[in-house]
Amino acid sequence: MPDHCPVCHQDFKIEPGFYIGALWTSFPIVIILMALISLLLLVYFKMEMNWFFVTLAIILFLLQPIIIRLGRSIWIHLFVAYDPDAENK
Ligand SMILES: [Zn+2]
């Protein structure tokens, strides 16, 4: 993760431990993804329970880099207002 935004120079390291709170934004993302993937695997593919849990764990593990970045992005947007003209200042 970069220290500053390359466009508007927003400091991404606001304070130590700032992104610990991003757990609260990435958790709902994981829950929604788990529900959707579970529906897909159990209803559409009619997967056995043992294979279902293994497949779900692998899929969620592989999606972690995306989920973490999305959660952090939502978290920082709660505290820092987006300014479309910041580049021109
Ligand atoms: Zn920026």
For F12, residues with placed amide H under 5 Å, excluding near neighbours
H4, C5
To the nearest Å, what is the center-to-center distance of region 1-23 and region 47-89, using C-alpha atoms only?
15
Could you give me the ³J(HN,Hα) list for region 41-51, computed from phi with Karplus coefficients 6.51, -1.76, 1.60 and θ = phi - 60°, whole Hz, x at Gly and Pro?
6, 7, 8, 7, 8, 6, 6, 5, 4, 4, 6
Go through region 60-71 residue by residue and turn each phi into a ³J(HN,Hα) via Karplus (6.51, -1.76, 1.60, θ = phi - 60°); whole Hz please, and just put x for glycine and proline.
5, 4, 5, 7, 3, x, 6, 5, 4, 5, 5, x
Tell me, what HN-Hα J-couplings in whole Hz come from the Karplus equation 6.51 cos²θ - 1.76 cosθ + 1.60 at θ = phi - 60° for each residue of region 6-17, using x for Gly and Pro?
x, 8, 10, 6, 5, 6, 8, 9, 5, 7, x, x
How much length is gained on full extension from F18 to F79, taking 0.36 nm per residue of separation minus their Cα-Cα distance?
20.9 nm
Kirkwood hydrodynamic radius (Cα pairs, Å) of the chain?
15.3
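Only the coordinates and a few stated rules stand behind these numbers; no lab work does. Quantities reported herein were computed from a predicted structural model and do not represent experimental measurements.
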